[in-house]
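Structure, as structure tokens:
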Amino acid sequence: MFVNSSAPISKKMSQPDSGSITQQNAALYNVEGWSEGYVFINKAGHAVIRPRRKEGEEIDLMELVDEARERGLRFPLLIRSHDLLRDRVRRLNESFARAISECGYRNQYRGVFPIKVNQLCEVVEEIVDAGLPYHFGIEAGSKPEMIAALAVHSDPESLVVGNGYKDDEFIRAALLGLKLGKKVILVVEKLEEFHQILAVAKQVGVKPMIGARVRLLSKGAGKWATSGGENAKFGLSTADLVSMSDILHAEGIPDALVLLHYHVGSQVPDIQTISRATREAARFYAKLRKMGHSLGYLDVGGGLGVDYDGSRTSFDSSRNYSLHEYTRDIVYNIMEICDSEQVEHPVIVSESGRFIVAPHSVLVIEAFGSIEKEETEGDVSVAPGDPKLVADMIEIHAGLSEKRRLENLHDAQQIRDQAQSMFDLGLLDLRAKAKIDTLYWRIAAKIVALHKGMPQIPEEVRELEVTLADQLLCNFSVFQSLLDHWALGQLFPVMPIHRLDEVPDRSGTLVDITCDSDGKMAKFIDFQDVKETLPVHRVRSGEPYYLGIFLSGAYQDIMGDLHNLFGRVNEMHVFLDEDEDEGYYVEEVLPGNTVDQVLTLTQWDTKELARRIKSQADAALKGDRLKPNEAMRLVDEYERMFASYTYLDFNARRPNGSITQS
């Protein structure tokens, strides 16, 4: 095994034209399946974004990478398309409008964006602005989120929904919004909270708009199934709802209850789960209407999934329904229950944050080397004093045949095991062991190649293929940028964003630069199953290799962990503009965290750190270990590092822009 940061370029075989290769690679990475038309591969072999899914409105990711490098930006780099955000808001609202029209539903849709999915100010502001024609509102699940939501919200026809546990200040903030003419609904999560809302409302002198979150018997599916069902963390039981109803009547304000809310879970993969929960919640809504409450809203919560693997199945990282099927099922089921109960159709509210923001950003990471198990060059021959095992392994390597491939593998494995036993006993030197290991991995690689294309591949060969996979050394942190992948096994589409006019001739996993062995991506999307390796190209000497991690715009920006003090990454915000030569422009660049910022976040005083280094330099100066100029340069260099990017900085560039590694 060796680190290959300057691997030789393999000789190219006779290949079909690049157009067919790009099509093959699009199928290999299932781009059409997971991208919904937002991503494709152009003739140059570059990954391209179409923010409005229109041909001709395209953003070449490699052009953005080149621009980032010209601006001196380091990687990892997050690229956001605000036009894509706006397109998602439009599609969601228009799909509900279409379903309402098709079903003859007698009310309207008023969605809200749950800030928790992506609290970044520019993201929220863009969604709110895009939602103005549809009276699309905001959901806040905490006091800070409510305070932010009230300020950015400007449409008196749209909603502000307050979920989560609440204290007096949270409630007062919401009631302040009511006084400002906003439709702010406080959703009750537990009965004690309901009494608290009534008490604060009396102090403020305003009648609250109250929602009730009900615990359904229906439970979600997938990784977030436990957020719904009877044992959910939030929500009221049936008995709690009855108690609330009685109190509101006793207080003379039964009309204060305006919304019924439920949440079956995030990323629900199966449409049947959604349909069952909708029908159950609609029944609760209808019964509460009949108890004398002028409920006007039914909030179906989140759950609208994103098809991360493009398989259109009920697998955790997929969904077996389309957007239209989702909206139509919700509209139809609510309508059917309400009609059977002879109550008015409610305004439908949803909190589909993942659907809106997941596709709008792509994380571009740079692979700066790879760990490979088999060398591609170098002669291995028997030297005087080598044990017979070396010659035996050379003989197996020279005599490999398709007919005896498994027998050859077993013989090689036996010799390697013998060599390891001899090494453990001190009977084998390092040079001989290195030869046997090198030959073993060469034999293994050829045996895997001899099984390529077979309809049935032996399990031991499949395992060998995974073991042989390259480990691409990538300049990013899984814990900071893809926490759901590490913590929950969430899959994200990953593929190179260039060289896609070449056939990927390697299999690999991605390892980050943290000091944690869990800092890696070793699970990848596949049309039929989860893959343990990703098709990649060999990392060429002196050239950066860029990969894109797609559909990462939901939760990952906010849930990042400062493991090893790797901070937020650099960002580029891109807008389409037909007047620009490229058809788009970079609207803003947001720098990632500096060393100074992450140290400050973890309670380090950088001025005190600098003072200590200066004190140590003075001591070294007095002890004649440093000269005065050298001591000053050392202190200056240390202090300059506070302003540097927290990730690796390959800033020594050749004239052609390639990396010179030291």
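The values are calculated or read from the model by the stated rules, or taken from the named source; none is laboratory data. In this text, all values refer to a predicted model and were calculated from it rather than measured experimentally. Counting neighbours? That spans all protein chains shown, and the Cβs are built from the backbone with ideal geometry, glycine included.
Listing for the model above:
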quantity	calculated
Criterion violated by V184 - all others in (1) outside any strand (DSSP E or B); (2) under 16 Å from E351 (Cα atoms) satisfied	(1)
Verdict on D577 being in contact with a Phe, Trp or Tyr (Cβ under 9 Å, 6 or more places away or on another chain), over 15 Å from L120 (Cα atoms) and surrounded by fewer than 17 Cβ atoms within 10 Å (Cβ to Cβ)	yes
S322 at pLDDT below 95, over 14 Å from the mean Cα position of the chain (by Cα), surrounded by fewer than 21 Cβ atoms within 10 Å (Cβ to Cβ) and of a type in the set (G, A, S)	no
Filter result for the condition that a residue is buried (at least 23 other Cβ atoms within 10 Å of the Cβ), in contact (Cβ under 8 Å) with a residue 12 or more places away in the chain and not acidic (D, E), over V503, V478	V478
Every residue from the stretch 63-82 that is surrounded by fewer than 19 Cβ atoms within 10 Å (Cβ to Cβ) and outside any loop (DSSP other than H, G, I, E, B)	E63, D66, E67, R69, E70
In the stretch 332-356, the residues that are over 25 Å from G162 (Cβ atoms) and part of a helix (DSSP H, G or I)	Y332, N333, M335, E336, I337, C338, D339, S340, E341
Selected residue (only one of G164, G181 is touching a Pro at 6+ places or on another chain (Cβ under 6 Å) and either more than 30 Å from E571 (Cβ to Cβ) or surrounded by fewer than 21 Cβ atoms within 10 Å (Cβ to Cβ) (or both))	G181
Count of the stretch 388-412 residues which are in contact (Cβ under 8 Å) with a residue 24 or more places away in the chain and surrounded by 14 or more Cβ atoms within 10 Å (Cβ to Cβ)	12
Cross-chain or 6+ apart pairs with Cβ under 8 Å, the stretch 306-330 first and farther than 17 Å from G33 by Cα, then of a type outside the set (V, I, T) and part of a loop (DSSP other than H, G, I, E, B)	D329/Y321; I330/S350
Selection status of A554, surrounded by 13 or more Cβ atoms within 10 Å (Cβ to Cβ) and either of a type in the set (S, T, N, Q) or over 23 Å from the mean Cα position of the chain (by Cα) (or both)	no
The stretch 88-124: number of residues that are charged (D, E, K, R), part of a helix (DSSP H, G or I) and crowded, with 23+ Cβ neighbours inside 10 Å	1
Close pairs (7 angstrom Cβ cut-off, 6 or more residues apart or separate chains): over 22 Å from G235 (Cβ atoms) in the stretch 164-175, not in a helix (DSSP H, G or I) anywhere	L175/V206; L175/P208
Residues satisfying the stated conditions in the stretch 286-318, i.e. in a strand (DSSP E or B) and buried (at least 23 other Cβ atoms within 10 Å of the Cβ)	L298, D299, L304
Residue match in the stretch 427-445 (condition: at positive phi and without any contact (Cβ under 8 Å) to a residue 24 or more places away in the chain)	no
